[in-house]
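Chemist: For reference, the structure I am asking about is given below.
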Amino acid sequence: KYKTIENLNHEWGLVYWSHQISDWEDIWLPEGNTDPTYDLDWRTFQSQLTTKYISWQADIVREIVPAKHFVTTCIDLGRAGSDDNEMSKNLDLTSVNVYYSPQDGLMHPQPEKIQGGTPWTARHSGPGLVYLLANMARGLKQENFLVTETNATMLGHPPNSGMFPPYPGQLEQVAVALISRGAAMVEY
C-alpha cells in the first residue's frame with residue numbers, strides 16, 4: 001500500500017513523535033499500539049479479511065445447499081475491525097446481535113450510574129440503543145432483518161452476570177421494539 005518505508009513513516013505521522021522506522025521488519029505488533037493511523041490501517045486490514053472470509057464461506061454454502069435456502073451470518077453491529085456494510089453485501093439477508101443492559105439499563109433518561117455495571121453494560125444501555133441497532137440492521141440492506149442473538153436473561157460476565165435478570169415484561173418490550181423496526185425474527 002505504501003510502497004516505501006519513507007511513505008509509511010510520512011503517512012502514519014511517525015516523524016512527528018520520532019517513531020520513524022527504517023525497515024518493514026520494524027513494524028510492531030498491533031497489541032499495545034498507540035499510533036492512531038496504524039490502528040486505522042490494522043482495523044481496515046482486519047475488516048477486509050473478515051469480509052473476504054464471510055463472502056468465501058457464503059459462496060461455499062451456496063454451492064452445497066438448495067437455492068431455496070438463504071445464506072446469512074450473525075453480525076455484531078459496530079464491532080471494531082468489521083465493515084458491516086461490506087460484509088452484508090454477499091449475504092442474502094441481514095442477521096444481527098442485539099445485546100443491551102436490562103433492568104435500569106433500559107430506563108430513559110439513563111440514570112447517572114447503573115449499580116453493579118461494567119464498562120460493557122454502561123456502553124450498551126438505554127432504549128435508544130435497541131432502536132439504533134435495529135435501524136442499523138435494517139439499513140444494511142434496506143429490508144427486514146433477523147435478530148439471531150440477544151439476551152434472554154442477564155448480561156455480562158461473573159461477578160455481574162447474576163445481577164441483571166430483566167424486569168418482568170422487558171424481554172417482550174425489547175422484542176416488540178425490534179419488530180417495530182423491521183426484525184422478522186427475534187431469537188434468544
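The values are calculated or read from the model by the stated rules, or taken from the named source; none is laboratory data. Just so you know, these numbers come straight off a predicted model, no measurement behind them. Glycine gets a Cβ as well: all are built from the backbone with ideal geometry, and neighbour counts include every protein chain shown. Ligands, DNA and RNA are excluded from the accessible area calculation, which covers all protein heavy atoms including side chains. Shrake-Rupley method; radii C 1.70, N 1.55, O 1.52, S 1.80 Å.
Chemist: For residues in the range 26-59 being under 24 Å from residue 4 (Cα atoms) and among the aromatic types (Phe, Trp, Tyr), which is farthest from the chain's Cα centre (by Cα)?
Modeler: The residue in question is 28.
Chemist: While we're looking at this one, here's another question. Please pick out the residue among 131, 99 that is touching a helix residue (DSSP H, G or I) at 6+ places or on another chain (Cβ under 7 Å), modelled with pLDDT of 80 or more, open to solvent by 50 Å² or more (accessible area, probe 1.4 Å) and aromatic (Phe, Trp, Tyr).
Modeler: On inspection, the qualifying residue turns out to be 131.
Chemist: Assuming residue 64 fulfils every condition listed in (1) within 30 Å of residue 2 (Cβ to Cβ); (2) open to solvent by 50 Å² or more (accessible area, probe 1.4 Å) apart from one, which condition is it?
Modeler: With (1) within 30 Å of residue 2 (Cβ to Cβ); (2) open to solvent by 50 Å² or more (accessible area, probe 1.4 Å) applied to residue 64, the lone miss is (1).
Chemist: Which residues, counting only those in the range 1-25, are within 32 Å of the chain's Cα centre (by Cα) and surrounded by 12 or more Cβ atoms within 10 Å (Cβ to Cβ)?
Modeler: If the condition is that a residue be within 32 Å of the chain's Cα centre (by Cα) and surrounded by 12 or more Cβ atoms within 10 Å (Cβ to Cβ), then 2, 8, 9, 10, 11, 12, 13, 14, 19 are the ones that fit.
Chemist: Then there is this: Criterion first (among the polar types (S, T, N, Q) and within 19 Å of residue 96 (Cβ to Cβ)) does residue 50 satisfy it?
Modeler: yes
Chemist: Next up: Residues being without any contact (Cβ under 8 Å) to a residue 40 or more places away in the chain and either among the charged types (D, E, K, R) or open to solvent by 50 Å² or more (accessible area, probe 1.4 Å) (or both): count how many of those fall in the range 78-92.
Modeler: Adding up the residues that qualify gives 6.
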